[in-house]
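The values are calculated or read from the model by the stated rules, or taken from the named source; none is laboratory data. Treat the numbers as computed from the prediction; the structure is a model and nothing was measured. FYI the Cβ positions are ideal-geometry reconstructions off the backbone, even for glycines, and counts take in every protein chain you see. Areas reflect the complete protein model, heavy atoms only, side chains present, ligands, DNA and RNA absent. Shrake-Rupley method; radii C 1.70, N 1.55, O 1.52, S 1.80 Å.
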Amino acid sequence: MLKSIKFMQAKTFFFLSIFMFLLTSCNQQPERKIEVRGVYGHPQPLWDKDYKLADLGINSIFVHSGSINQKMMNRARAEGMNVYAEFATLNGKNYVEEHPEAWAINEKGEQVEAASWFMGVCPTEPGFREYRFGLMRELLKEYDIDGVWMDYVHWHAQFEEPEPILPETCFCDHCLASFSKDTGLEIPEGNTPQKAEWILKHHDPEWRDWRCKVILDWTVEIRNIINEVKPGILLGIYHCPWTDEEFDGARRRILGLDYDLLRDFFDVFSPMVYHARMGREPVWVQENIAWFNNRMNIENGGTPKVWPIVQAYNNPYTVSASEFETVLKGGLTSNSSGVMMFTTRAMADDEEKIAVMKNIYKNQD
């Protein structure tokens, strides 16, 4: 009898142990892997100081498409780097001056002024679309890059300021005709201010939805070009980091960025959490990235991924090494699987910042 009881106790303990093991295994999250330890900007300033990028813990460089050349590509590859091209999607600087038909028009019927340093463009103008898509094809055919990061993916505005510039655009003939065709709404006769007033007064929700779909269309077209010319590389986006409510919902309302529309088309989201430029405290970076990961339901090891870009650049004041450490670590909050900083030169000019970056990056190897 005693042996039988001991046997039953041992059997119960065995199955209980198996159950607890399985329960623990099911609930245990896989270890978060930091895939990207990046810098934004041509790596030459670091090379000029005889640094090898991998020795600093860097494994990826993000470079404006116009700054890429084969010499840079060769050296970056020799150092084991992934190379991603930033593509200035809706930046109209130097284009609208020569092609005024692509100039964004405000609700008064006037050509918009530059928003701080940024000059946007009408995103529906056929000539500009053809021009930009042609540049994308050329970039993909010429260089063996690992991905493209769409930048300036929004209607004309400026969000990189403590007090953002948020004009109403675009009410040019291209946009008005496209809006009417796509929505089935017949805009009454009148001048541009009258048409704009009618839309904003009577069909504001349709107008906001349509503008978001224009941005989505740019994303889909770029994705299609990638699939055609260089399938398999990543598509990322640098974007405004505002929450859904900030500035009366201006991220969607004015910029045209609808996370729910865009989520399935990007491999990586890179919130531009420039704390100093946007008048925020360094701890805001961690708060914002945690919010974004939660808002987008980012899963560890899943897609899309989150690789924020944080500020090392000294504008509008000198960003200290200490606050740079705070924002760099903040970028790796929650399920973010990578981070980068703006800019490479800002790093190369400050040995303390280099030391901070190296310490954080090497500890993520």
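Tell me the per residue accessible area of the chain using a 1.4 Å probe; a whole number in Å² is fine. Before the final figure, lay out the partial values.
Working: 17390 Å² over 365 residues.
About 48 Å² of surface per residue is accessible.
What Kirkwood Rh does the range 151-284 have if only Cα atoms enter the pairwise 1/r average? Answer in Å.
Details: mean 1/r = 0.0610 Å⁻¹.
When all Cα pairs of the range 151-284 are included, the Kirkwood radius is 16.4 Å.
Based on the Cα gyration tensor of the chain, what are the three equivalent ellipsoid semi-axes, each the root of five times an eigenvalue, rounded to whole Å and given largest first?
For the chain, the ellipsoid semi-axes come out as 42, 28, 20 Å.
Round to the nearest 0.05 the FRET efficiency obtained for residue 138 and residue 259 when R0 = 41 Å and r is the Cβ-Cβ distance. Show your work: numbers first, answer last.
On the way: r = 30 Å, r/R0 = 0.73.
Computed FRET efficiency for residue 138 and residue 259: 0.85.
Run the numbers for residue 296 and residue 317: contour at 0.36 nm per residue of separation, minus the present Cα-Cα distance, in nm.
Gain on stretching residue 296 to residue 317: 4.4 nm.
Apply the Debye scattering formula to the range 206-308, with a single equal point scatterer on each alpha-carbon and no solvent, then give log10 I(q)/I(0) at q = 0.22 Å⁻¹.
Once normalised to I(0) and log-transformed, intensities are -1.26.
Hey, can you list the DSSP H helices of the chain whose Cα span along the axis is 27 Å or longer and whose average Kyte-Doolittle score is at least 1.0?
Correct list, ordered by number: 2-27.
Considering only protein heavy atoms and a 1.4 Å probe, what is the carbon-and-sulfur percentage of the accessible area of the chain?
Of all accessible area on the chain, carbon and sulfur atoms account for 50 percent.
What number, in nm² with one decimal, is the all-direction average of the projected area of the convex hull of the alpha-carbon atoms of the range 89-236?
Details: hull surface 38.9 nm².
Hull-based average projected area comes out at 9.7 nm².
Return the single residue from 236, 279, 330 with maximal mean-square fluctuation; model: Gaussian network over the chain, springs between Cα atoms under 10 Å.
Maximum fluctuation in the GNM of the chain, among the listed residues, is at 279.
For the chain, what is the calculated [θ] at 222 nm in deg cm²/dmol (nearest 500), taking -39500 (n - 2.57) for each run of four or more DSSP H residues and dividing by its residue count? All intermediate terms of the calculation are to be shown ahead of the outcome.
On the way: 13 runs with 156 residues, N = 365.
Theoretical 222 nm ellipticity from helices: -13500 deg cm²/dmol.
Can you give the percent of C-alpha pairs in the range 92-163 whose distance is more than 13 Å? Could you put the intermediate results ahead of the total?
Details: 1789 of 2556 pairs.
Roughly 70 percent, rounded to a whole number.
Pairs 230/305; 93/141; 201/305; 49/230; 181/305; 108/141: which are spaced more than 32 Å apart, C-alpha to C-alpha?
From 230/305; 93/141; 201/305; 49/230; 181/305; 108/141, over 32 Å: 201/305; 49/230; 181/305; 108/141.
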